[in-house]
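K.L.:
Next up is a structure, given as structure tokens.
Read the figures in this text as sums done on the coordinates, not as results from a lab. For clarity, every value in this text was computed on a predicted model and none was experimentally measured. Don't worry about glycine lacking a Cβ; one is built from the backbone with ideal geometry, like all the others, and counts go over all protein chains shown.
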Amino acid sequence: MIWLALSILSSVGIFVSFGFFGRWGVDNRLGVAVNYSSCAVAGLLIANRGLPRFDETWWLPALLLGSAFPYLFVKMAKLTQSGGLALSTIASQMSLVLPVALAPWLYLESMSGFRVAGIALGLLSIALLVRGQSAPKLEAGSVVSSKSLVDTLIIFIGTGLCTALVKYSRVYFVPPEDEILFVSCVFGVAAFWTWAMIIRTPKPSSSVARLSLWAGLMLGLPNLGSLVFLIRALGSGLDSALVFPLNNLGIVLFSSLAGWFLFHQALHRVAWFGIAVALAAVALMGMG
């Protein structure tokens, strides 16, 4: 369970970093590009296995994941800054429905009654947390823009498919000794595409560029950890039908609390009720 806890904390660090991106006026694309580059280099150093061969069995999923990550990451950063920490978190973490639904079919994993009830309560708690986060705005007559809703849907589907592919790759393509090298290559591909996007966009001022450099380095550590620790958790013997709900539920729960504590994003009483339901969901899934 230690790998799962570390994955949750690392993922919360990503959303907290995005919150600071907005506060500091960081250029999102430049910050994300630096983040991916630092993740790729750090992964290679930690793996200590040299450069990967091009005939590795896991290159195709690495290319697919690395190509999708930059697009979803920039969308997530913008949604965090426009819709708040909870809205971007819900968009990515509600996506647990996709990999959990596929797990019994792809890996013949069992789904006990406790787990099904826990997942149902988890989805309810996430909905309550988002409703509680948006309640102050709704009471003030504010509405979520249609663009934010579209971005939420894109992040939901994209993150769910990427998470399912991570598990599939871990089972069928990536041997345990190549886990960190695989992650490093995913981030290397993501860095390539992000820098390619930056070349076609207006350049930020030197002061913003320097700030974005440091912010990207700050984001790199939790980003690398979130994927490495998730893969380790999936390889620790726990069913993915348990890992994904607990991971995503923990991220939503602690990201909401972090938004309340660090960024003074109001938590309505509905959100506090959602936190209580989330704890009950974790208990049920643990019993299963």
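K.L.:
If R0 is 25 Å, what FRET efficiency do you get for ILE157 and MET111 from their C-beta distance, rounded to 0.05?
P.N.:
FRET efficiency, ILE157 to MET111: 0.65.
K.L.:
Apply the Karplus parameterisation 6.51 cos²θ - 1.76 cosθ + 1.60, with θ equal to phi minus 60°, to every residue of the stretch 224-229 and state each ³J(HN,Hα) to the nearest whole Hz, in sequence, with x for glycine and proline.
P.N.:
Values per residue, Gly and Pro as x: 4, x, 4, 7, 4, 5 Hz.
K.L.:
Roughly how many nanometres apart are two label points built 7 Å out from the Cα toward the Cβ at LEU45 and THR57?
P.N.:
About 3.1 nm, to one decimal.
K.L.:
Once the piece of chain linking ALA5 and SER67 is laid out straight, how much longer is it, given 0.36 nm per residue of separation minus the C-alpha distance between them?
P.N.:
Difference between extended and current length: 19.6 nm.
K.L.:
³J(HN,Hα) across the stretch 169-186 via Karplus (A = 6.51, B = -1.76, C = 1.60, θ = phi - 60°), whole Hz, x for Gly/Pro?
P.N.:
5, 4, 7, 10, 10, 9, x, x, 6, 9, 4, 5, 5, 4, 4, 4, 5, 4
K.L.:
Report, by chain and number, residues whose modeled amide H sits under 5 Å from the one on MET111, excluding near sequence neighbours (fewer than 5 apart, same chain).
P.N.:
Distant-sequence amide H within range of MET111: zero hits.
K.L.:
Okay, next question. Can you tell me how the stretch 192-287 classifies by the Cα gyration tensor, rounded, prolate or oblate, using a/c under 1.5 as the rounded cut?
P.N.:
Since a/c reaches 1.5 but b/c is at least a/b, the shape of the stretch 192-287 is classed as oblate.
K.L.:
Can you check what the net charge comes to around ARG49, using other residues whose Cβ is under 13 Å from the Cβ of ARG49 (Lys, Arg +1; Asp, Glu -1)?
P.N.:
For residues surrounding ARG49, the net value is -3.
K.L.:
Applying the Karplus parametrisation 6.51 cos²θ - 1.76 cosθ + 1.60 with θ = phi - 60° to the phi angles of the stretch 237-243, what ³J(HN,Hα) value in whole Hz is obtained for each residue in order, glycine and proline being reported as x?
P.N.:
Per residue, the Karplus-derived 3J(HN,Hα) values read x, 7, 5, 5, 5, 9, 5 Hz.
K.L.:
Would you kindly state how much longer the chain becomes between LEU217 and VAL150 on full extension, computed as 0.36 nm times their sequence separation minus their alpha carbon distance, in nm to one decimal?
P.N.:
Using 0.36 nm per residue and subtracting the Cα-Cα distance, I get 21.2 nm.
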